[in-house]
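The values are calculated or read from the model by the stated rules, or taken from the named source; none is laboratory data. All values reported here derive from a predicted model rather than from experimental measurement. Don't worry about glycine lacking a Cβ; one is built from the backbone with ideal geometry, like all the others, and counts go over all protein chains shown.
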Amino acid sequence: MLFIQTIIVTTAVFLNPNVYDGISIVNVQIENPTQLLLLREGGARSLTCFDQAGETPMLLDEASIKQIKKLGIKFNIIETNIDERIRRFDQLREEARNNRLGGWYSDYKTWGEVNIKLQALEDGAPDIATTFIVGQTHEGRDIHGIRISAPGNTEGRKQVLFNGCQHAREWVAVMVPTYAAEHLVEGWSNDPEVQTYLETTEVIIVPIVNPDGYEFTYAPGGDRYWRKNRRNNSGSCEGVDLNRNWDYDWNGGDSTSTSTCSDIYVGPNVFSEPETQAMRDLINTLPNLVSHVDFHSYSQLILEPWASSNNPPPRVNIVKALSSSMSEAIAGVHGETYVAGTGGDLLYLADGVFPDWTTNGGSLSYTIELRPTGSPGFELPPGEIIPTCEESYAAVKAMLQFVNQPLTFSFPNGVPQFADQGSVVEFPMHIESIFDEPIDTNTTTLHVRFGNNGTFATRHISQNLDDSFTVELPTSFCDLEGEYWFSVATQDGLTVRYPAGEEVLRVSIATTARQWNMDQNPNWTMEGQWGWGAPTGGGGSYGNPDPTSGATGNNVLGYNLNGDYQNNLSETYLTTETVDLSDRTNTQLQFKRYLNVEQPVYDHASVSVRAGNGSWSTVWSNQSTIEDDQWQTVAYDISSVADAQPEVQIRWTMGTTDSAWTYSGWNIDDIEILSSGGAGVVGDINCDGVINVTDILLVVGGWGPCNNHCAQDVIPDGTINVLDLLHVIGNW
Ligand SMILES: [Zn+2]
């Protein structure tokens, strides 16, 4: 829903930013970067770290509110008394300080307090922790850092940088790197993992890159919502956005401004600021910098490079493997989701940012946006400081672990959860050396067994011409879950296993509980323009038109078989008959999808499931714009709702939609409900549930090499031999 306007919003520059009189916090529905630019030129300030589409809290005066009303931009005033809002937050902080439940981390800490903390860490462990001054600011403050590594000569060790607070108002982004420093120092005496990392790695932490701005957010007469540093621009407005001042696509026009009053002012030249110069000079003394995190708040994102373009970064598979490993580590602590993805995928592009510069220098670099996901934004309640620090520290450790392993496995299409019995499932795999330790591709091996005991068969995986690997995973003939893992050696002879440690991957045998191929009308409950029949290739005023046939056969279930969905649609349902799954476990819904829908700020498509008259639980909803131009198979785990239930229903929803931009909506074909019982018996050949002389005779009768995959090959190494015989006998 593009909004094209060439109107200039009337100027309302905030001459005195510490006075919020007449200014409100307004949620503005941002539809494109141009809108934000226009609003900023009118003096508006966005209360987010990065720009993106959708509901954006902004500081607006009354004139600007009138203007956006006139322009037809959707908005919602959420706070008219900002001083009162700040007072309420101060009260929360005071209570937290009095409770002291989180010790030092009970409340946010000033620049001075953080410096004292860093000094105390060094004093408590001078053999591993050394504080240092990175440089000075415009106002003459020192930027403090700390280096942490095992005693001895650190030369040649890998170097990893964590920093916080380029942006002054993002207070929790100060607490997180400080917490990481404290726990790495402590970990040296009580955490074997940390001990291992510090032997090989030097960790450099700079909690506050922007001390002047940070102090200004606390100062009487300052501004709680100050973002930039405090450069005197010799005019009405101070400050440069440090995270736009780096020498990578500096002043490139994506979320940048050359207006001194803008919150995203790039500065008079590249690296014009003492703070960015100091950090640059520090990094230039780190010859082995392998990875970097720049902490910000808020939104709960792990942003991969590039911020400034949609091009893939160098070593893209490794970049993605590390961000998923950090995201999983974070989720493992308090269950919070930090979405990993590129800046360009998740946000508007932004030029001249710090991690793009370190990426360009060869480091694996990320921006982590900390808690919360949205409101209350920068006012994260003090009680959430500790949990935010805990989960972020897990990401810090995940990064240290990652850069200390020689290579990484990745699976562009994921790994299969379900497969047909007796099949060989093919899926792509990449193995890449993270640094300079080449892989011995002759050693790439799949280890697989059926059930949960006995020897793992080994199968060599040969490399494709494009350097990828194609895994050929055999599955059990008798409804047994498969367990598998991979190994490969480096040319130095070090063997690496995936998954790490003792973990294995699992694949279940799918059996079809019900299926509908849409050759006949299933006569389900269809509201609005839901219908059964042949799609006609209509619609597509945005996105792609409908298909012209089903995935198989001519017919589908679809929303408006002849074109787009409507504007201002309410939730409109397609609901299945009730399905009896009372004897089923591990149920999964699979279907073919051809869907076009705008991003969920505006338009919605979803799938839900319920048992009996219970409430509907959402299985899937669009998290972005979807523009299918071919049929694709999608599958969702519905076991928590549907397993062992006699009356299960599935529901597809079209809507709600907003007042502009229409897409061609849902087309659905070949719906299946799959389940797996795992009822097989280990070592059973003929799947009769017992192991007896018949099974022995089958093994003997099939003796010899087995092309592809055979039932008698119960240790699936490709040969029917004594191993299989012993496995059958062993499970007698
Ligand atoms: Zn930020």
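Considering the stretch 298-318 alone, what residues qualify as being aliphatic (A, V, I, L, M) and either closer than 30 Å to residue 57 by Cα or at pLDDT 95 or above (or both)?
Here is the first cut: in the stretch 298-318, the residues aliphatic (A, V, I, L, M) are 301-303, 307, 316, 318.
Once the filter is applied, which keeps residues that are aliphatic (A, V, I, L, M) and either closer than 30 Å to residue 57 by Cα or at pLDDT 95 or above (or both), the stretch 298-318 yields 301, 302, 303, 307.
Suppose we filter 294, 247, 281 for residues that are in contact (Cβ under 8 Å) with a residue 60 or more places away in the chain and crowded, with 21+ Cβ neighbours inside 10 Å; which single one remains?
Working: 247 fails: crowded, with 21+ Cβ neighbours inside 10 Å; 281 fails: crowded, with 21+ Cβ neighbours inside 10 Å.
The unique qualifying residue is 294.
As an exercise: evaluate residue 109 against (1) over 32 Å from the mean Cα position of the chain (by Cα); (2) part of a loop (DSSP other than H, G, I, E, B); (3) surrounded by 13 or more Cβ atoms within 10 Å (Cβ to Cβ) and give the number of the one condition it does not meet.
Tallying (1) over 32 Å from the mean Cα position of the chain (by Cα); (2) part of a loop (DSSP other than H, G, I, E, B); (3) surrounded by 13 or more Cβ atoms within 10 Å (Cβ to Cβ), residue 109 fails exactly one: (1).
Please work out which residue is farthest from the ligand (Cβ to nearest atom), limiting yourself to the stretch 187-207 and to residues that are outside any strand (DSSP E or B), closer than 28 Å to residue 384 by Cβ and in contact with a Gly (Cβ under 9 Å, 6 or more places away or on another chain).
Ranking the qualifying residues of the stretch 187-207, first place goes to 193.
Here are some conditions: (1) assigned to a loop (DSSP other than H, G, I, E, B); (2) outside the structural domain of residue 380 (by TED's automatic domain parsing); (3) at pLDDT below 90. Residue 67 meets all but one. Which one does it not meet?
(1)
Please verify whether residue 255 is buried (at least 24 other Cβ atoms within 10 Å of the Cβ), within 15 Å of the ligand (Cβ to nearest atom), in contact (Cβ under 8 Å) with a residue 24 or more places away in the chain and in a loop (DSSP other than H, G, I, E, B), treating the condition exactly as stated.
On the way: buried (at least 24 other Cβ atoms within 10 Å of the Cβ): yes; within 15 Å of the ligand (Cβ to nearest atom): yes; in contact (Cβ under 8 Å) with a residue 24 or more places away in the chain: yes; in a loop (DSSP other than H, G, I, E, B): yes.
Spelling it out, residue 255 is indeed buried (at least 24 other Cβ atoms within 10 Å of the Cβ), within 15 Å of the ligand (Cβ to nearest atom), in contact (Cβ under 8 Å) with a residue 24 or more places away in the chain and in a loop (DSSP other than H, G, I, E, B).
Kindly check whether there is at least one residue in the stretch 614-627 that is among the charged types (D, E, K, R), surrounded by fewer than 18 Cβ atoms within 10 Å (Cβ to Cβ) and in the same structural domain as residue 540 (by TED's automatic domain parsing).
Taking the stretch 614-627 first, the residues among the charged types (D, E, K, R) are 627.
This time we only want the ones that are surrounded by fewer than 18 Cβ atoms within 10 Å (Cβ to Cβ), so: 627.
From the residues that got through so far, the ones that are in the same structural domain as residue 540 (by TED's automatic domain parsing) too are 627.
Within the stretch 614-627, one or more residues are among the charged types (D, E, K, R), surrounded by fewer than 18 Cβ atoms within 10 Å (Cβ to Cβ) and in the same structural domain as residue 540 (by TED's automatic domain parsing).
Name the one entry in 288, 245, 311 that is away from the ligand (no atom under 14 Å from the Cβ) and under 20 Å from residue 33 (Cβ atoms).
Sole residue among the options that is away from the ligand (no atom under 14 Å from the Cβ) and under 20 Å from residue 33 (Cβ atoms): 311.
Conditions (1) in a strand (DSSP E or B); (2) among the polar types (S, T, N, Q); (3) out of contact with any Leu (no Cβ under 8 Å at 6 or more places or on another chain); (4) under 29 Å from residue 413 (Cα atoms), marked per residue:
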position: 609; (1), (2), (3), (4): yes, no, no, yes
position: 620; (1), (2), (3), (4): yes, no, yes, yes
position: 633; (1), (2), (3), (4): yes, yes, yes, yes
position: 656; (1), (2), (3), (4): no, yes, no, no
position: 689; (1), (2), (3), (4): no, no, yes, no
position: 700; (1), (2), (3), (4): no, no, no, no
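Give the residue, chosen from 293, 319, that is away from the ligand (no atom under 16 Å from the Cβ), under 26 Å from residue 202 (Cβ atoms) and assigned by TED's automatic domain parsing to the domain that holds residue 398. Spell out the reasoning first.
Details: 293 fails: away from the ligand (no atom under 16 Å from the Cβ).
From the options 293, 319, the qualifying one is 319.
Any chance the stretch 224-232 includes a residue that's more than 16 Å from the ligand (Cβ to nearest atom), within 27 Å of residue 382 (Cα to Cα) and not polar (S, T, N, Q)? Give the steps one after another, and end with the answer.
Initially, the stretch 224-232 is screened for residues more than 16 Å from the ligand (Cβ to nearest atom), giving 230-232.
Pick out the ones that are also within 27 Å of residue 382 (Cα to Cα) and you get 230.
Pick out the ones that are also not polar (S, T, N, Q) and you get 230.
Yes, that holds for at least one residue.
Select from the stretch 322-347 the residues that are part of a loop (DSSP other than H, G, I, E, B) and away from the ligand (no atom under 14 Å from the Cβ) and write down the one among them that is farthest from residue 208 (Cα to Cα). Show your work before the answer.
Of all residues in the stretch 322-347, those part of a loop (DSSP other than H, G, I, E, B) come to 335-338, 347.
Narrowing further to those that are away from the ligand (no atom under 14 Å from the Cβ): 335-338.
Values: 335: 28, 336: 25, 337: 25, 338: 22 Å.
Among those that are part of a loop (DSSP other than H, G, I, E, B) and away from the ligand (no atom under 14 Å from the Cβ), it is 335.
Does residue 271 satisfy the condition of being away from the ligand (no atom under 16 Å from the Cβ), buried (at least 17 other Cβ atoms within 10 Å of the Cβ) and modelled with pLDDT of 95 or more?
On the way: away from the ligand (no atom under 16 Å from the Cβ): yes; buried (at least 17 other Cβ atoms within 10 Å of the Cβ): yes; modelled with pLDDT of 95 or more: yes.
Judged against the criteria, residue 271 is a match.
Which residue, of 696, 715, 671, 691, is among the hydrophobic types (A, V, I, L, M, F, W, C) and under 30 Å from residue 625 (Cα atoms)?
Working: 696 fails: under 30 Å from residue 625 (Cα atoms); 715 fails: under 30 Å from residue 625 (Cα atoms); 691 fails: under 30 Å from residue 625 (Cα atoms).
Every option except 671 fails the conditions.
Please pick out the residue among 657, 633, 618, 625 that is out of contact with any Ser or Thr (no Cβ under 7 Å at 6 or more places or on another chain), under 22 Å from residue 337 (Cβ atoms) and not basic (Lys, Arg). If you could, list the steps in order and put the result at the bottom.
Details: 657 fails: under 22 Å from residue 337 (Cβ atoms); 633 fails: under 22 Å from residue 337 (Cβ atoms); 618 fails: out of contact with any Ser or Thr (no Cβ under 7 Å at 6 or more places or on another chain).
Exactly one of 657, 633, 618, 625 is out of contact with any Ser or Thr (no Cβ under 7 Å at 6 or more places or on another chain), under 22 Å from residue 337 (Cβ atoms) and not basic (Lys, Arg), namely 625.
Residue 699 is checked against (1) among the β-branched types (Val, Ile, Thr); (2) in contact with a helix residue (DSSP H, G or I) (Cβ under 7 Å, 6 or more places away or on another chain); (3) within 27 Å of residue 585 (Cβ to Cβ) and fails just one. What number does that condition carry?
Result: residue 699 fails condition (3) only.
For residues that are modelled with pLDDT of 95 or more, in a loop (DSSP other than H, G, I, E, B) and away from the ligand (no atom under 16 Å from the Cβ), scanning just the stretch 361-382, find the one that is surrounded by the most Cβ atoms within 10 Å (Cβ to Cβ).
Ranking the candidates gives 363 first.
Yes or no: residue 236 surrounded by fewer than 21 Cβ atoms within 10 Å (Cβ to Cβ), over 24 Å from residue 280 (Cα atoms) and in contact with a Leu (Cβ under 8 Å, 6 or more places away or on another chain)? Show your work before the answer.
Values: surrounded by fewer than 21 Cβ atoms within 10 Å (Cβ to Cβ): yes; over 24 Å from residue 280 (Cα atoms): yes; in contact with a Leu (Cβ under 8 Å, 6 or more places away or on another chain): yes.
Taking the combined requirement at face value, the residue satisfies it.
Can you tell me how many residues within the stretch 138-173 are in contact with a helix residue (DSSP H, G or I) (Cβ under 6 Å, 6 or more places away or on another chain) and within 16 Å of the ligand (Cβ to nearest atom)?
Number satisfying all stated conditions: 7.
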